[in-house]
1. Across the stretch 77-121, what is the number of residues that are touching a residue at least 60 places away in the same chain (Cβ under 8 Å), surrounded by 17 or more Cβ atoms within 10 Å (Cβ to Cβ) and under 13 Å from residue 13 (Cβ atoms)?
2. Being at pLDDT 95 or above and surrounded by 13 or more Cβ atoms within 10 Å (Cβ to Cβ) is the filter here; which residues of the stretch 1-22 pass it?
3. Considering each of 57, 34 in turn, give the residue that is part of a helix (DSSP H, G or I) and surrounded by fewer than 18 Cβ atoms within 10 Å (Cβ to Cβ).
4. Can you pull out every residue in the stretch 37-50 that is surrounded by fewer than 18 Cβ atoms within 10 Å (Cβ to Cβ) and under 12 Å from the mean Cα position of the chain (by Cα)?
5. Among the residues of the stretch 37-54, count how many are outside any strand (DSSP E or B) and closer than 16 Å to residue 95 by Cα.
6. Quick one: would you say residue 99 is in a loop (DSSP other than H, G, I, E, B) and either at pLDDT 95 or above or closer than 21 Å to residue 117 by Cα (or both)?
7. Return the residues of the stretch 77-94 that are assigned to a helix (DSSP H, G or I) and touching a strand residue (DSSP E or B) at 6+ places or on another chain (Cβ under 9 Å); say none if nothing qualifies.
């Protein structure tokens, strides 16, 4: 098992199966910000796992992949701040396409703080 303090975004830290995404969407809590919708669900064990979605409303494949790469980097930099085992799905809003990277990072950090607070207490 990989450590969350490792700065690489290993496959063990990712949500990959459709069933996992569906479980989070159906049973999870939501946190909204200006550029992101974050859906999260407490996990039974292990570290946090993160997934990314981007609907066709954002644009073509190139645009959707770009925003997913930007979000993945912001999450990679701040994943160690999420101490509770949780499954988290990041869904960007259209405004995220024009947002500065520092703003996305701040929203990811805030989302992790909210998730930790709601799931730990």
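The values are calculated or read from the model by the stated rules, or taken from the named source; none is laboratory data. In this text, all values refer to a predicted model and were calculated from it rather than measured experimentally. Cβ sites come from the backbone with ideal geometry, for glycine too, and all protein chains shown count toward neighbours.
1. Going through the stretch 77-121 one residue at a time, the tally reaches 4.
2. Residue satisfying the conditions is 21 alone.
3. Values: 34 fails: part of a helix (DSSP H, G or I).
So the residue among 57, 34 that is part of a helix (DSSP H, G or I) and surrounded by fewer than 18 Cβ atoms within 10 Å (Cβ to Cβ) is 57.
4. 37
5. Within the stretch 37-54, the first condition is being outside any strand (DSSP E or B), and the residues that meet it are 43-48, 53-54.
Filter once more, keeping what is closer than 16 Å to residue 95 by Cα: 53-54.
Final tally of qualifying residues: 2.
6. On the way: in a loop (DSSP other than H, G, I, E, B): yes; either at pLDDT 95 or above or closer than 21 Å to residue 117 by Cα (or both): yes.
Taking the combined requirement at face value, the residue satisfies it.
7. The first filter runs over the stretch 77-94 and keeps only residues assigned to a helix (DSSP H, G or I), leaving 77-81, 94.
Hit for the stretch 77-94 is 79, nothing else.
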